[in-house]
Amino acid sequence: MLKDYNALIVYLKNKVGIDLTGYRREFVLRRIRAHMMSLGLKDLKEYTRIVVSNPKERSRLLDYLAINVSYFFRDPWCWQILTNKCLSELILKRRNIRVWSAGCACGEEPYTVSIIFHELLKGRIKSYNIRIYATDIDRNAIEKAKQGIYSSSSLIYVPQSIKSKYFRYVGKDKYKIVNSVKALVTFKVHNLLINLPLKGMNVILCRYVLIYINTKGRKKVLHNLVQALFDNGILMLGPSEYISHNEYGLEPVDIRARIYRKRITPSDSLPHKSGWKANTLL
Ligand SMILES: C[S@@+](CC[C@H](N)C(=O)[O-])C[C@H]1O[C@@H](n2cnc3c(N)ncnc32)[C@H](O)[C@@H]1O
């Protein structure tokens, strides 16, 4: 099985340009097995043959692996804590605010932050310069995010008062996010395992992404995310994503909600000038 798995991964990397080596093997295998079952297949070798010969199957497999499930205000209690303990304080201290939603799926997460800033600041939002950078490895998800149209299932955690203020019903169970919320968000395709990290962020959200990535990849991504934060910047992970925060120079703000603050970096431990290049992607 392991041999067959490795053969598929090497094929995808060398011939299709999709590098799954940083992903947890159990996760990839579980998804592939479920997909094979839906095709009535049991043998991974046979499935690999189909993937090799059929480009449509290759793109179906990738769709299947990129789990884009997301919700507005996913885990509402975490957003409440982030708002009360971090964002409310941030708007008192700064007029220029930069947020990165890393692994943003179809935009539910970055638009949630934008709604929170609108709610906190109301009419004063025009006197702030708030930029929310939202990135994902999946091009289709980013295209969908730019459209900003969602089914009611993505809005299950959205209170009615917020729904009527920030969404317009466009028929057939679809809701469109209003332009003022969209205006704060910039979307880009970006692979956390390969591309250079962004920089100068006050807040980074990376939720339900690390669970798919193996230990080595996760370390690299976390290191990059912390580098991307200003001192005292905030990192929020998904509630099931445990990390040993000390290892990354983070201190907990709320351990249950997986919200951390970057400790002030002593100048002698700053990255070497030649060792770390800032990303100019956005
Ligand atoms: C389950 S969704 C989470 C969405 C959102 N953060 C949330 O909490 O609801 C995981 C997202 O991570 C993205 N992803 C997976 N690996 C990635 C990588 N290496 N770089 C960037 N995004 C990645 C997937 O495409 C998917 O959209």
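The values are calculated or read from the model by the stated rules, or taken from the named source; none is laboratory data. The shown structure was predicted, so the numbers you read here are calculated from the model rather than taken from an experiment. Neighbour counts are summed over all protein chains in view; Cβ atoms, including those assigned to glycine, are modelled from backbone coordinates with ideal geometry.
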- In region 51-69, residue farthest from Val189 (Cα to Cα) [restricted to those that are surrounded by fewer than 16 Cβ atoms within 10 Å (Cβ to Cβ) and either at pLDDT 85 or above or touching a Ser or Thr at 6+ places or on another chain (Cβ under 6 Å) (or both)]: Ser53
- Is one or more of the residues making up region 37-45 surrounded by fewer than 17 Cβ atoms within 10 Å (Cβ to Cβ), among the hydroxyl-bearing types (Ser, Thr, Tyr) and in the same structural domain as Ile142 (by TED's automatic domain parsing)? no
- Evaluate region 111-126: report whether one residue or more is over 23 Å from Gly200 (Cα atoms) and within 16 Å of the ligand (Cβ to nearest atom). no
- region 219-245, subset out of contact with any Lys or Arg (no Cβ under 9 Å at 6 or more places or on another chain) and either over 19 Å from Trp100 (Cα atoms) or of a type outside the set (S, T, N, Q) (or both), residue farthest from the ligand (Cβ to nearest atom): Ser244
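I need a count of the residues in region 2-43 that are of a type in the set (A, V, I, L, M) and over 24 Å from Leu193 (Cα atoms).
Number of matching residues: 5.
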- The residue from Leu87, Leu61 that alone is part of a helix (DSSP H, G or I), outside the structural domain of Ile32 (by TED's automatic domain parsing) and not acidic (Asp, Glu) is Leu87
- Query: If you take just the strands (runs of 3 or more DSSP E) that sit entirely in region 125-230, which of them hold at least 1 residues that are under 15 Å from the mean Cα position of the chain (by Cα) and surrounded by 15 or more Cβ atoms within 10 Å (Cβ to Cβ)?
  - Reply: 129-136, 185-189, 201-206
- Message: I'd like the residue in region 121-152 that is free of Cβ contacts under 8 Å to residues at least 24 places away in the same chain and among the small types (Gly, Ala, Ser) and, out of all such residues, is farthest from Lys199 (Cα to Cα).
- Response: Ser152
- Top-ranked residue of region 64-78 - restricted to ones that are touching a strand residue (DSSP E or B) at 6+ places or on another chain (Cβ under 9 Å) and assigned to a helix (DSSP H, G or I), ranked as nearest to Tyr133 (Cα to Cα): Cys78
- Message: Leu193 - would you say it is more than 16 Å from Glu109 (Cβ to Cβ) and either within 16 Å of the ligand (Cβ to nearest atom) or modelled with pLDDT under 95 (or both)?
- Response: yes
- Which one of the conditions (1) modelled with pLDDT of 95 or more; (2) aliphatic (A, V, I, L, M); (3) outside any helix (DSSP H, G or I); (4) more than 24 Å from Lys199 (Cα to Cα) does Val99 fail to meet, given that it meets all the rest? (4)
